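Let me begin by presenting the structure, written as structure tokens, before commenting on it.
Coordinate-derived values only; no laboratory data. Computed from a predicted model, the values in this text were never measured in an experiment. Positions of Cβ are backbone-derived with ideal geometry, glycine not excepted, and every protein chain shown enters the neighbour counts.
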Amino acid sequence: MTTSMTIAQAAAATGLSVHTLRYYERIGLLDPVERRDNSHRRFTQEDLNWIGFLLKLKATGLPVRAMLRYAELRRLGNSLESVKERKAILLDHTLCVQHTLAELQSNLAVLHQKIALYGDMEEEAQQEANKHATAPSAPAPRKSDRKPARSGASRSASPSASDTHADAATAAQAGAN
């Protein structure tokens with residue numbers, strides 16, 4: 001005795017909705033599903049295997065029209081004509097999938113190159129940032145190093161050389177901003 005499952009169980013097992021399973025049966029992708037006396041569908045493991053194959057065809061981009069032709073040929077049995085045409089459908093589709101994979105590999109290679117370029121740029125920018133962060137700057141004078149302030153009368157009216165240098169540096173920095 002083979003075990004069977006309800007349409008809800010089959011939907012859960014395949015990842016398809018109940019509506020999609022009914023639709024696939026209605027359009028002929030699925031053979032008519034066995035029904036119980038209460039007319040409820042009962043899916044077998046063979047049904048689930050077929051649905052799994054259809055999902056692989058769909059995931060790889062085979063059009064529904066080609067899947068329908070394949071299902072029709074499958075129902076005809078394993079005559080030479082049926083087998084040859086099913087094989088031809090799969091060979092043609094395999095070539096399309098291989099072409100798509102080659103395009104994706106090419107696109108992926110470009111993405112890897114771009115990521116590597118940005119990695120190099122990021123490393124260079126980090127090195128520049130580290131250079132600027134570790135560049136020696138004039139230390140601020142400590143309180144103990146400062147000369148005591150003199151009264152205004154005794155202070156010279158002309159600026160010292162260090163004051164002139166500081167003003168020039170401030171002006172240059174202001175111009176750079």
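With the simple spin-label model, which puts each label point 7 Å out from Cα in the Cβ direction, the R26 to S82 separation comes to 2.7 nm. Set the Cα radius of gyration of the stretch 26-144 against 2.2 N^0.38 Å, with N its number of residues, and you get 2.26.
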